[in-house]
Amino acid sequence: MSPAARRMIARLKIHGEIDSTNRALMREAATGAPSGTLCLAECQSAGRGRLGRAWISPFGSNLYLSMLWRYSEPPAALGGFSLVAGAVVADVLRRLGAEGLALKWPNDLLWDRRKLGGMLLEAAGEAQGPSLLVVGIGINVRMTPDHGRAIDQPWVDLAEVLGEPVVGRNTLAALIIDALIDAFERFGREGLVPFLSLWDGFDAFRGEQARILLADREIRGRVLGIASDGALRLDTADGERRFHAGEVSLRREDEGEVRGEVGDEQ
Ligand code: BTN
């Protein structure tokens, strides 16, 4: 880790087993844990993914990492970090030699259309600020086929993407923490805009026909890319529409049915 990043780490705990590194940090945040608090675990008994899904978290084989950062802005201003986290992690893995990585809006990390990792962001705070953000990152490093069978979508691990010997989890964690701290600080100063071109470079869907799944319906169109506030731009029969990451799902036109929770559209 860079000396600058090391100075920003307030606490770092590595648990053998915990329910969820995100939940643990949200609990610590409620009792005043500062920016730069980190939680890692060898396994999670109740690992969580987006949209209420489980995140399969077997012992000692993957990366489960969460980090807490505090901002003076309201929680509503932090949504764009969802894209930042995906872009930063993809960039770290590319620097480690992974080719062909792609991001599915807002932050699914894919390789060969299979899921390599994901990010779960949780924000809390006062309506006018201050606020806090917990960013949870899960990366499949070496998933056993047995555990892989429990995953309800096509998946891949770093061992397949990078080949053996796969990068050590300590090195991977250090590089991600380093990049994440940098991104937390820059996002605080400049917002999402400086990260958009990095995200665009990994965009898995740009130009593709896709469906947005809302709570009660779906909307079809061609993906135009990402707006400067992080919204997904879709060219529909009614013109361009924009969707915010909250709780909607994006699917390729030919992909199967999975329902989102609450839609958030403009
Ligand atoms: C997703 O793609 O659905 C998001 C997955 C996020 C998983 C990570 S693992 C570390 C942290 N703790 C959790 O319970 N979830 C996130």
- Message: Tell me the relative contact order for the chain as a rounded percent, counting alpha carbon contacts under 8 Å between residues six or more apart.
- Response: 16
- Note on the structure: region 86-125 scanned against label point 7 Å out from Arg252 along Cα→C-beta; backbone N under 11 Å for 112-114
- Query: When only Cα pairs under 8 Å and 6 or more residues apart are kept, what is the percent relative contact order across region 209-252?
  - Reply: 39
- Would you mind classifying region 166-253 by shape? Square roots of the alpha carbon gyration tensor eigenvalues, ordered a ≥ b ≥ c; an a/c under 1.5 is rounded, otherwise it is prolate if a/b is larger than b/c and oblate if not. prolate
- Choice from Val156, Val141, Val167 showing the highest fluctuation, given a GNM over the chain with Cα pairs closer than 10 Å: Val167
- Note on the structure: Using a 1.4 Å probe on heavy atoms of the protein chains only, the accessible area for Glu218 in Å², nearest 10, reads 60
- Principal axis lengths of region 5-74 from Cα atoms, whole Å, largest first? 34, 27, 20
- Item | Top of Gly168, Gly188, Gly221 by mean-square fluctuation, Gaussian network on the chain, Cα under 10 Å | Gly168
- Item | Residue-span extension gain [Arg242 to Glu99] - 0.36 nm each, minus C-alpha spacing | 48.5 nm
- Over region 105-156, relative contact order from alpha-carbon pairs under 8 Å, at least 6 apart, %: 36
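Order Asp112, Asp91, Asp157 by their accessible area, 1.4 angstrom probe, all chains in place, largest first. Walk me through the intermediate numbers first.
Details: Asp112 100, Asp91 35, Asp157 15 Å².
Reading off the accessible areas and sorting them downward yields Asp112, Asp91, Asp157.
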- Task: Using only the Cα atoms of region 70-227, build the gyration tensor, take square roots of its eigenvalues as a ≥ b ≥ c, and label the shape rounded, prolate or oblate: rounded if a/c is under 1.5, else prolate if a/b is larger than b/c, else oblate.
- Result: oblate
- Computed accessible area, Thr31, all protein chains, 1.4 angstrom probe, square angstrom: 120
- Percent accessible area from carbon and sulfur atoms, the chain, protein chains only, probe 1.4 Å: 49
- Task: For the chain, report the accessible area per residue in Å² (1.4 Å probe, heavy atoms, rounded to an integer).
- Result: 44
- Take every DSSP beta bridge with both residues inside the chain and express the antiparallel ones as a percent of the total, to the nearest 5. 85
- Determine the order of Arg142, Arg7, Arg70 by accessible area, beginning with the largest, at a probe radius of 1.4 Å. Arg7, Arg142, Arg70
- Message: How would region 209-252 be classified by its alpha-carbon gyration tensor: rounded, prolate or oblate, with rounded meaning a/c under 1.5 and the a/b versus b/c comparison settling the rest?
- Response: oblate
- Could you give the distance between the Cα centres of region 124-200 and region 1-41, to the whole Å? 14
- For region 92-173 the translational diffusion coefficient, Stokes-Einstein from a Kirkwood Rh over Cα pairs at 37 °C and viscosity 0.692 mPa s, in µm²/s, is roughly 231
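The values are calculated or read from the model by the stated rules, or taken from the named source; none is laboratory data. Being a predicted model, the structure only gives us computed values, none of them experimental. Here the Cβ is made from the backbone with ideal geometry for all residues, glycine too, and neighbour counts use every protein chain on show. Just so you know, the surface numbers come from the protein's heavy atoms only, side chains and all, with ligands and any DNA or RNA stripped out. Shrake-Rupley method; radii C 1.70, N 1.55, O 1.52, S 1.80 Å.
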